[in-house]
Amino acid sequence: MTQAGLPGTGGAGVRLRVLSYNVHGQRDDVAALASAVRAAEPDVVIVQEGPRRFRWRHKCGALADSLGLVLGGGGLPSLGNLVLTSLRVRVHRTWHRQFPLTPGRHMRGVIFAECAVGSDTTAPFVVVGTHLGTDPTERPGQAALLKRDLTELRLPVVLGADLNENSGGAAWRTIADGLTDAAVAADRADRGTYPCAEPRDRIDALFVDPRIEVTGYDVLDTPQTRRASDHFPILVDLLLPAHVPAPNRQTLGGGLDKG
């Protein structure tokens, strides 16, 4: 995959490199994790299973720093979903969704971050990150709530997720409806992301607004990523529309919890 995290714009749009990664609560080789992410040179990293408990602010900042990035938002309010960025990307505001708790299960959530490349008016977009439940009876409801939120957004969306199911699942189909599956667009949907020891399932995905062009896609299967987590990260190169009218930030996000 060629480097796409370059400053400036092309004739058709603005380049953006996005990594979506379930980091397994940083319970594995954290040095390998940092090295793998830094080598990818992403503009945006969407993290699942990031810090969400005791001293979570400090831990989120430390994770971002170890990856050579800055913390855009997330943590406890979004239940372990984070948005990290390079200095090339500005985060203007964030907000959160928490799904209803299923007794006996982990509570799940979503991070939303309104961003732009370089300036307020250059390639505005919304990054969304989520990690759906392992219980197949709760995932469709979570997906329906997220889909309702997505339909209210007016800026182009970049959604990174651990869906805990393959593309044939009901929750996956709900979220994917009307969006571009980056793996399918790049003809790489045969690449498994989980588990690293025997990657037989594609339960991690990156979806984008149809206004965004997918120019590259890869599942990073390396010695480092096999030590860093039980999921492989997915790395996607995008071409954003250069100028999209920004919505009123007073109303963006509806009634969700604002960060």
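The values are calculated or read from the model by the stated rules, or taken from the named source; none is laboratory data. Keep in mind that this is a model prediction, so the values were computed, not measured. For neighbour counting, all protein chains shown are included, and Cβ atoms are generated from backbone atoms with ideal geometry for every residue, glycine included.
Tabulated data
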| quantity | calculated |
| --- | --- |
| Qualifying residue in the stretch 21-31 (condition: at pLDDT 95 or above and of a type in the set (Phe, Trp, Tyr)) | yes |
| Residue match in the stretch 50-65 (condition: aromatic (Phe, Trp, Tyr), surrounded by fewer than 22 Cβ atoms within 10 Å (Cβ to Cβ), outside any helix (DSSP H, G or I) and free of Cβ contacts under 8 Å to residues at least 40 places away in the same chain) | yes |
| Test: residue in the stretch 169-189 that is touching a residue at least 40 places away in the same chain (Cβ under 8 Å), closer than 17 Å to PHE232 by Cα and not aliphatic (A, V, I, L, M) | no |
| Cβ-Cβ under 6 Å pairs, at least 6 apart or on other chains, the stretch 150-166 side over 22 Å from GLU49 (Cβ atoms), far side modelled with pLDDT of 95 or more and among the hydrophobic types (A, V, I, L, M, F, W, C) | LEU153/VAL126; LEU155/PHE125; LEU155/VAL126; PRO156/PHE125; PRO156/ILE212 |
| Near pairs, Cβ below 6 angstrom, 6+ apart or cross-chain, from the stretch 85-103 (without any contact (Cβ under 8 Å) to a residue 24 or more places away in the chain) to any residue that is in a loop (DSSP other than H, G, I, E, B) | LEU101/MET107 |
